[in-house]
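Engineer: One structure, as structure tokens, below. Some questions next.
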Ligand code: NAD
């Protein structure tokens, strides 16, 4: 497998394959860019079909973190890690110690945190062998509630831009995935008067959403074609693709999942169809913003910064409209400008 010629390789500074025989750890850490500071980004644990899928994921996710951290105004570079394995059956103390040692070997160039398949207690286990973990118990903790707040505010910004509405009363939202972020996003939406249509693999989460929020439950493949105002992807990536775009009736795509567009060209197709897309790494920055307050944690300061996601997205939506470009292009450009300025200031 070629890495330097890989389609998702974007001049990453460091890509490290980590193996530990005793614990069975197979992980990849990608440090994309450290111009703005040490690379910070979560660790995902997933039973990837192939190593190639894991490589692709970590390269894309780490690049996304560089842009996310830049646009969120953080002094962090971008990085990410993946552990190849099933989070339901393959976790052990030895595995997270081995992962922690791998992170430690980078000497602070990369800080890890939780992502899909990983929870705060896994991070605490890894933290026993390395200081380079964040989202720690007793400090900033679980980032998900802040990601949910940012996602909710991002949906509000999209509705404001497209419909000039300040309220979500009566707005319908199809939420795909009721995990750490999706469920709390539903709560915010429900409290704001939105109507919810939901899907998930977990019958328990679906029952909770139906009971607590009056959500309508649909099948996994039915979520795209719902007659709603907003499609809110909160599960895994690449759900905006050639197969799903023709099914969408929503005029807004705004959710927390990373890498929502299967390919960059899908952003252009959404634009042509008049569907407003909230760039994933902008709308889902709430968690990393919270992590940035790790030392001397202050929840109020963190929340105030998360709330800025609303204005950042409005700026991106307006610029994209004025310049007839996709929202993704505009966001990427804004992030790159921040990084280039920082590089020039260092030179
Ligand atoms: P999670 O693992 O807690 O939740 C994911 C949920 O999606 C689970 O309930 C799972 O059952 C469901 N799911 C999986 N496949 C599905 C499918 N095909 N259809 C419907 N539901 C499905 O993860 P999370 O922490 O809530 O993160 C969700 C997404 O948001 C991920 O893409 C993650 O990378 C991204 N994200 C999370 C954070 C955070 O703070 N947790 C921050 C930024 C981005």
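Engineer: Among the numbered criteria (1) surrounded by fewer than 21 Cβ atoms within 10 Å (Cβ to Cβ); (2) within 12 Å of the ligand (Cβ to nearest atom), which single criterion is violated by residue 121?
Structural biologist: Answer for residue 121: the failing condition is (2).
Engineer: On to the next question. Taking residue 173, is it assigned by the TED database to the domain that holds residue 284, crowded, with 21+ Cβ neighbours inside 10 Å, touching a residue at least 12 places away in the same chain (Cβ under 8 Å) and within 14 Å of the ligand (Cβ to nearest atom)?
Structural biologist: Details: assigned by the TED database to the domain that holds residue 284: yes; crowded, with 21+ Cβ neighbours inside 10 Å: yes; touching a residue at least 12 places away in the same chain (Cβ under 8 Å): yes; within 14 Å of the ligand (Cβ to nearest atom): no.
The answer is no for residue 173.
Engineer: I've got another one for you. Tell me which of these residue 198 doesn't satisfy, since it passes every other one: (1) surrounded by fewer than 23 Cβ atoms within 10 Å (Cβ to Cβ); (2) within 14 Å of the ligand (Cβ to nearest atom); (3) closer than 23 Å to residue 145 by Cβ.
Structural biologist: The failed condition is (1).
Engineer: Further question on the same structure: Condition test on residue 166, is it assigned by the TED database to the domain that holds residue 263, surrounded by fewer than 20 Cβ atoms within 10 Å (Cβ to Cβ), closer than 24 Å to residue 264 by Cα and at pLDDT 95 or above? Full working, then the answer.
Structural biologist: On the way: assigned by the TED database to the domain that holds residue 263: yes; surrounded by fewer than 20 Cβ atoms within 10 Å (Cβ to Cβ): yes; closer than 24 Å to residue 264 by Cα: no; at pLDDT 95 or above: yes.
Against the criterion (assigned by the TED database to the domain that holds residue 263, surrounded by fewer than 20 Cβ atoms within 10 Å (Cβ to Cβ), closer than 24 Å to residue 264 by Cα and at pLDDT 95 or above), residue 166 does not qualify.
Engineer: I'd like the residue in region 124-144 that is near the ligand (Cβ under 9 Å from one of its atoms) and surrounded by 22 or more Cβ atoms within 10 Å (Cβ to Cβ) and, out of all such residues, is nearest to residue 23 (Cα to Cα).
Structural biologist: The first filter runs over region 124-144 and keeps only residues near the ligand (Cβ under 9 Å from one of its atoms), leaving 135, 142-144.
Filter once more, keeping what is surrounded by 22 or more Cβ atoms within 10 Å (Cβ to Cβ): 135, 143-144.
Working: 135: 24, 143: 27, 144: 28 Å.
Looking at residues that are near the ligand (Cβ under 9 Å from one of its atoms) and surrounded by 22 or more Cβ atoms within 10 Å (Cβ to Cβ), I get 135.
Engineer: Sticking with this one: Exactly one condition in (1) part of a helix (DSSP H, G or I); (2) surrounded by fewer than 23 Cβ atoms within 10 Å (Cβ to Cβ) is not met by residue 313; state its number.
Structural biologist: Condition (2) is where residue 313 drops out.
Engineer: In addition: Every residue in region 1-35 that is part of a loop (DSSP other than H, G, I, E, B) and under 20 Å from residue 109 (Cα atoms), please. I'd like the intermediate steps shown before the answer.
Structural biologist: Step one: of region 1-35, the residues part of a loop (DSSP other than H, G, I, E, B) are 1-13, 21-24, 34-35.
Once the filter is applied, which keeps residues that are part of a loop (DSSP other than H, G, I, E, B) and under 20 Å from residue 109 (Cα atoms), region 1-35 yields 9, 10, 11, 12, 13, 34, 35.
Engineer: Any chance you could count how many residues in region 220-236 are farther than 15 Å from residue 254 by Cβ and part of a loop (DSSP other than H, G, I, E, B)? Can you show your working first?
Structural biologist: Initially, region 220-236 is screened for residues farther than 15 Å from residue 254 by Cβ, giving 220-222, 225, 227, 236.
Retained after the next criterion (residues that are part of a loop (DSSP other than H, G, I, E, B)): 225, 227, 236.
Here the count works out to 3.
The values are calculated or read from the model by the stated rules, or taken from the named source; none is laboratory data. Note that this is a predicted model, so its numbers are computed, not measured. Using ideal geometry, Cβ is built from the backbone for each residue, glycine included, and neighbour counts are taken over all protein chains shown.
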